[in-house]
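Before any comments, here is the structure.
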Amino acid sequence: MRNGLMCVAVVATALFLCAGRAGAQLIYGMETGTATNPDGFGPNGGGVTISQDTIGATESTHSMKVSVVAGATFVGALTGTIPAPLNDPPGVQSILFDMTIPAGGEFTTGFDIVGITIFGASQPGPNQQFGLQAQFAPFQHIDGKAAGTYTNLKIDLVGATHPLTFQQNQTFNDIFGQVGSGPNDLIPTGFEFFINKSNTAPTTVYFDNVRVVVPEPASLSALALGGLMLIRRRRA
């Protein structure tokens, strides 16, 4: 009996550790679209221009250039292209991306941060709503960083307010779901990098290789199966 309980404890611990690991899947490589709409990204708000570029390309040949003028304080780069698995929740935990700050473009006169907003629609029906948005609380800073390329910057999709229920500290998986998954689940319709900055200076930044971090269910299933087989062998 003691051996069986020990096996269960070991398997449970291993499952917990494995759940902390995740696989990153590319969703935006900035290689498609047009010169002014890489991967469908365009400006959301006045005072920002979006274009495809080669500076800051960390893989393949293109990146997305986001230029914000001095007077703009809150603008975004928004796309309505929603690739899997972002379009097939739940499971998404975090966003990873590469960011390049050009030489001479360091932001030193105030704050300049990057965040994620994901737009959605309520479930289909006569009262379906569009344009609902969840802004996730963690940020990455442009200010304070030296010129250069930063890879695998991370924004965890947590800390948002649900736009239908107004519950706070919600995760992506609390807010978004598949069609038919529940009356309070939104369907993803848009992905945005927003830039929030003080208006004392303009800023230019390049984004590339946006990835979603999702659990690896195959690994969890294999580990669970192995643990069950071990327990069965002990009982025999």
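Taken together, the values in this text are just the output of simple stated rules run on the coordinates, not laboratory data. The shown structure was predicted, so the numbers you read here are calculated from the model rather than taken from an experiment. Every residue, glycine as well, gets a Cβ built from its backbone with ideal geometry; the counts of neighbours run over all protein chains shown.
Taking 0.36 nm per residue of separation and subtracting the Cα-Cα distance, what length does fully extending residue 161 through residue 103 add?
That pair, residue 161 and residue 103, stretches by 17.2 nm at full extension.
By how many nm would the segment from residue 26 to residue 61 lengthen if fully extended, with 0.36 nm per residue of separation less the alpha-carbon distance?
Stretched out fully, the residue 26 to residue 61 stretch lengthens by 11.1 nm.
Ranking request for peptides 49-56, 125-132: highest mean number of other beta-carbon atoms within 10 Å first, then the rest in descending order.
49-56, 125-132
By how many nm would the segment from residue 173 to residue 54 lengthen if fully extended, with 0.36 nm per residue of separation less the alpha-carbon distance?
Length gained between residue 173 and residue 54: 39.4 nm.
So how do 162, 141, 62 line up by other beta-carbon neighbours within 10 Å, fewest first?
The most exposed by this proxy come first: 141, 162, 62.
Can you list residues whose amide H is under 5 Å from residue 186's amide H, if they're 5+ apart or on another chain and H is modeled 1.01 Å from N?
Hits under the 5 Å cutoff: 176, 177.
Between residue 84 and residue 216, what is the spin-label point distance in nm, taking each point 7 Å from the Cα along the Cα→C-beta axis?
The modelled label-to-label distance comes out at 2.0 nm.
Say R0 is 30 Å: what FRET efficiency, to the nearest 0.05, do residue 200 and residue 149 get from their beta-carbon distance?
Approximately 0.75, to the nearest 0.05.
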